[in-house]
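S.K.: Below is the structure I would like to discuss, written out as structure tokens.
The values are calculated or read from the model by the stated rules, or taken from the named source; none is laboratory data. Given the structure is predicted, the values throughout are model-derived calculations rather than measurements. Glycine gets a Cβ as well: all are built from the backbone with ideal geometry, and neighbour counts include every protein chain shown. Quick note on the areas: whole protein, heavy atoms, side chains included, nothing else; ligands and nucleic acids left out. Shrake-Rupley method; radii C 1.70, N 1.55, O 1.52, S 1.80 Å.
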Amino acid sequence: MIQEKDYFGKWINHPEADDKVKKNARALISKVSELMSAFGENLQINSGFRPHSYNAQIGGSKNSSHCDGSAVDLADPDKRFGQWCLLNIHWLQ
């Protein structure tokens, strides 16, 4: 299960991590945690919330969903989670 502190990381107290962003993040965290539970494994977060300035610094999209708390990148080195998601698409709808 993903924890809010893991999703936000060092940015948890950043001014852009406001109530709206945290509300979006909680909804996302809940859904992704359900997916991981159904998959049967916890996955590491590669990237969660990003302030706009940091997102620009790393070459992220100007409209990145990471900046509003509605995107997460998960480590899936062997691609098993991605394959599982394709086979269980109903979890994603």
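S.K.: Among the residues of the range 16-57, write down those that are open to solvent by 50 Å² or more (accessible area, probe 1.4 Å) and part of a loop (DSSP other than H, G, I, E, B).
M.R.: Residues satisfying the conditions are Glu16, Asp18, Gly40, Glu41, Asn42, Gln44.
S.K.: I've got another one for you. May I ask you to list the residues in the range 72-93 that are open to solvent by 70 Å² or more (accessible area, probe 1.4 Å), outside any loop (DSSP other than H, G, I, E, B) and among the charged types (D, E, K, R)?
M.R.: Answer for the range 72-93, where residues must be open to solvent by 70 Å² or more (accessible area, probe 1.4 Å), outside any loop (DSSP other than H, G, I, E, B) and among the charged types (D, E, K, R): just Arg80.
S.K.: All but one of (1) touching a residue at least 24 places away in the same chain (Cβ under 8 Å); (2) open to solvent by 80 Å² or more (accessible area, probe 1.4 Å); (3) at positive phi hold for Gly69; which doesn't?
M.R.: (2)
S.K.: Give me the residue from the range 1-15 that is part of a loop (DSSP other than H, G, I, E, B) and touching a helix residue (DSSP H, G or I) at 6+ places or on another chain (Cβ under 7 Å) and, out of that set, farthest from Ser70 (Cα to Cα).
M.R.: The qualifying residue farthest from Ser70 (Cα to Cα) is Met1.
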